[in-house]
Amino acid sequence: NRGVDELVFLDIFATTQKRKINLRLVADVIKECYMPVAIGGRVETLHDINDLLKIGADKVVIKTKALIDIEFIKNAVAFFGSQCICISIDAYWTENGYYIFNKIGINKSLDDFIQEMISCEVGEFLLVSVDHDGMMDGFDLELVNHVQKQTNIPIIAIGGGGDMSHYYELFKETKIQAVASASLFHFTQFTPLDVKKELKTLNIPVRI
């Protein structure tokens, strides 16, 4: 009803709790959606991807498995196509540059991970600024620009949206084409339509 273009549905505890995403719940959500849906949560096999696509997911979001098994990502792209394989990048800043946040003890730089995923020909990046996520203090513009300099793969930026000026800055200061938010809609009076109206002032093509 609020004109959202896409729903990103992530079970962020599935991997650490060593369980699969609840397919029945996901199916129920998808039945209510008249928009594209991207689903993620402990996607580890081609069968997992097939299950999500079979119940109506348009894209599958993968994070942890991409860190530990690049061959799986290559196989997933080869089997299902680039268009439905989205890689979640949880990046955080250190004195040595950006690294990938994870809970499995892997020490991998953002740049190395991006190059690995580019080689797999994935279709999209879900770029999360861990330092800004949930803070509503503005997007990490340096992070977005840093990643965009390395790839032409479409990017969805997440992490930091708190008021309309943050979205204006994101699209003004970067070449980003998509943004996702959660806290803004949970804890403020702003709606997706407000964001779209703000982007329209920058001549960003949005559906209102």
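Is one or more of the residues making up the range 187-195 open to solvent by less than 60 Å² (accessible area, probe 1.4 Å), of a type in the set (D, E) and in a helix (DSSP H, G or I)? Yes: one or more hits.
Screening the candidates G123, G138 for the property of being within 17 Å of A178 (Cβ to Cβ) and at pLDDT 95 or above yields one hit, G123. Of the residues making up the range 82-121, those that are over 16 Å from the mean Cα position of the chain (by Cα) and farther than 19 Å from F72 by Cα are W93, T94, E95, N96, G97, Y98, Y99, K103, G105, N107, S109, D111.
Total residues in the range 107-127 satisfying the condition of being open to solvent by less than 50 Å² (accessible area, probe 1.4 Å) and more than 24 Å from F80 (Cα to Cα): the figure is 3. Taking the condition without any contact (Cβ under 8 Å) to a residue 60 or more places away in the chain and touching a Lys or Arg at 6+ places or on another chain (Cβ under 9 Å), does N102 pass? Yes: the conditions hold for N102. Residues of the range 23-52 that are open to solvent by 50 Å² or more (accessible area, probe 1.4 Å) and assigned to a helix (DSSP H, G or I): L23, R24, L25, D28, K31, L46, H47, N50.
Contact annotation: residue pairs with Cβ atoms under 7 Å, 6 or more positions apart or on different chains, pairing a residue in the range 1-22 that is open to solvent by 80 Å² or more (accessible area, probe 1.4 Å) with a partner that is outside any loop (DSSP other than H, G, I, E, B), are R2/P192; R2/L193. Among the residues of the range 74-85, is any touching a residue at least 60 places away in the same chain (Cβ under 8 Å) and touching a strand residue (DSSP E or B) at 6+ places or on another chain (Cβ under 8 Å)? There is no residue in the range 74-85 that is touching a residue at least 60 places away in the same chain (Cβ under 8 Å) and touching a strand residue (DSSP E or B) at 6+ places or on another chain (Cβ under 8 Å).
Output yes when any residue across the range 164-185 is over 19 Å from D90 (Cα atoms) and among the polar types (S, T, N, Q), and no when none is. Within the range 164-185 (the criterion being over 19 Å from D90 (Cα atoms) and among the polar types (S, T, N, Q)), the answer is yes, since at least one residue qualifies. Within the group K149, K172, which residue is under 19 Å from I87 (Cα atoms) and of a type in the set (D, E, K, R)? Matching residue, one of K149, K172: K149.
The values are calculated or read from the model by the stated rules, or taken from the named source; none is laboratory data. None of the values given here were measured: they were computed from a predicted structure. As a convention, Cβ positions derive from the backbone with ideal geometry for all residues, glycine included, and neighbour counts pool all protein chains shown. The accessibility values were calculated without ligands, DNA or RNA, using every heavy atom of the protein model including side chains. Shrake-Rupley method; radii C 1.70, N 1.55, O 1.52, S 1.80 Å.
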